[in-house]
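S.K.: Here it is: the structure, laid out below.
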Amino acid sequence: KNEVEQSPQNLTAQEGEFITINCSYSVGISALHWLQQHPGGGIVSLFMLSSGKKKHGRLIATINIQEKHSSLHITASHPRDSAVYICAVRFRSSSNTGKLIFGQGTTLQVKP
Amino acid sequence: DSGVTQTPKHLITATGQRVTLRCSPRSGDLSVYWYQQSLDQGLQFLIHYYNGEERAKGNILERFSAQQFPDLHSELNLSSLELGDSALYFCASSLGTADTQYFGPGTRLTVL
């Protein structure tokens, strides 16, 4: 049973489109991370959030603690945004460790 | 560049063999995490060390072991290798246990 669910699994968009990737989790968390993994394999941390909303450039991440749901938005998408986006959570029950539990990832392809 | 280094980048070995993967965390980071990414399982947490002390263990096989040394670098030892151990192994580091994690470039292990 996967405790972190992402949707959609695959997403194809045209350049310039607004993109939303969703993440839901089963129980209380201390923090939620959004990660980006490029085809070469490297993983980059985009956001870490525990409440509200964060913005960095064209990326926006939101979290609703009551609904146990987070979204990652990409505005004015570009082919260079093509990557796998991974949601990961640190559950509140893991208080003395930062271990992350990962969603399955969303593969995004942005076509020019 | 995240500041986390992993060696080697690629490793090809045979079943039954033993290998050691090495990770150097970012300067000042006390936490080191090991994660495994396989095609069928996605990203999975293996083990977390904080300042030399083991803090949490995931579904890490008994054939796998790890340690964090006084200079804070970490090694992941994989023994009696099986075909199913072929995967990308990532190390991540963070300042404490509740901070953003920075991922290394990964070690791609192929077991033939």
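What follows draws every value from the coordinates through simple rules; no lab data is involved. Note that the structure is a prediction, hence the values are computed from the model and not measured. All Cβ positions, even for glycine, are placed from backbone atoms using ideal geometry, and neighbour counts span all protein chains on display.
S.K.: What's the FRET efficiency of A:GLU5 with B:ASN77 using the Cβ-Cβ distance as r and R₀ = 30 Å, to the nearest 0.05?
M.R.: So the FRET efficiency works out to roughly 0.35.
S.K.: Moving on to the next point. With an 8 Å cut-off on Cα pairs and a minimum separation of 6 or more residues, tell me the relative contact order of chain B in percent.
M.R.: About 38 percent, as a whole number.
S.K.: Moving on. Would you grab the residues whose amide H sits under 5 Å from the one on A:SER30? Only those 5+ places off in sequence or on another chain, please, with H modelled 1.01 Å from N.
M.R.: Those qualifying (amide H under 5 Å, at least 5 residues apart or on another chain) are A:ARG90, A:PHE91, A:ARG92.
S.K.: Same structure again: Which of the trypsin sites (Lys or Arg not before Pro) across segment A:1-83 are loop residues per DSSP, with 15 or fewer other Cβ within 10 Å?
M.R.: The qualifying sites are A:LYS1, A:ARG58.
S.K.: If you don't mind, another one. Just to check I understand the Karplus step: with θ = phi - 60° and J = 6.51 cos²θ - 1.76 cosθ + 1.60, what whole-Hz values come out for segment A:83-89, glycine and proline as x?
M.R.: Listing the rounded values in order: 5, 9, 10, 10, 9, 9, 10 Hz.
S.K.: Once phi is turned into ³J(HN,Hα) by the Karplus curve 6.51 cos²θ - 1.76 cosθ + 1.60 with θ = phi - 60°, what whole-Hz value does each residue of segment B:37-53 show in order, with x for glycine and proline?
M.R.: Per residue, the Karplus-derived 3J(HN,Hα) values read 10, 10, 4, 8, 10, x, 7, 9, 6, 9, 7, 10, 10, 10, 6, x, 9 Hz.
S.K.: Can I ask one more? Tell me, Kirkwood radius of segment B:1-41 from alpha-carbon pair distances, in Å?
M.R.: It works out to 12.6 Å.
S.K.: Sum up the charges of everything whose Cβ sits under 14 Å from the Cβ of B:HIS73, counting Lys and Arg as +1 and Asp and Glu as -1, but leave B:HIS73 out.
M.R.: Summing Lys/Arg as +1 and Asp/Glu as -1 gives -1.
S.K.: Let me ask something else. Just to be sure I understand the model, the point goes 7 Å from the Cα along the line to the Cβ. What's the resulting B:ARG108 to A:SER26 distance in nm?
M.R.: 3.3
S.K.: Another question, then. Count neighbours as other Cβ atoms within 10 Å of each site's Cβ, and list the chymotrypsin sites (Phe, Trp or Tyr not before Pro) in segment B:51-110 that are DSSP loop with at most 13 such neighbours.
M.R.: none
S.K.: Rounded to whole Å, give me the distance from the Cα center of segment A:48-112 to that of segment B:31-74.
M.R.: 23
S.K.: Can I ask one more? Which FRET efficiency value, to the nearest 0.05, do you get for B:ASP40 and A:SER93 by plugging their Cβ-Cβ distance into 1/(1 + (r/R0)^6) with R0 = 25 Å?
M.R.: For B:ASP40 and A:SER93, the calculated efficiency is 0.45.
S.K.: Near B:GLY28, within a Cβ-to-Cβ distance under 13 Å, what is the net charge of the other residues, with Lys and Arg +1 and Asp and Glu -1?
M.R.: Net charge in that neighbourhood comes out at -2.
S.K.: In whole Hz, with x marking every Gly and Pro, tabulate ³J(HN,Hα) for segment A:102-110 from phi via Karplus 6.51 cos²θ - 1.76 cosθ + 1.60, θ = phi - 60°.
M.R.: Each residue of segment A:102-110 in turn: 9, x, 6, x, 10, 8, 10, 10, 10 Hz.
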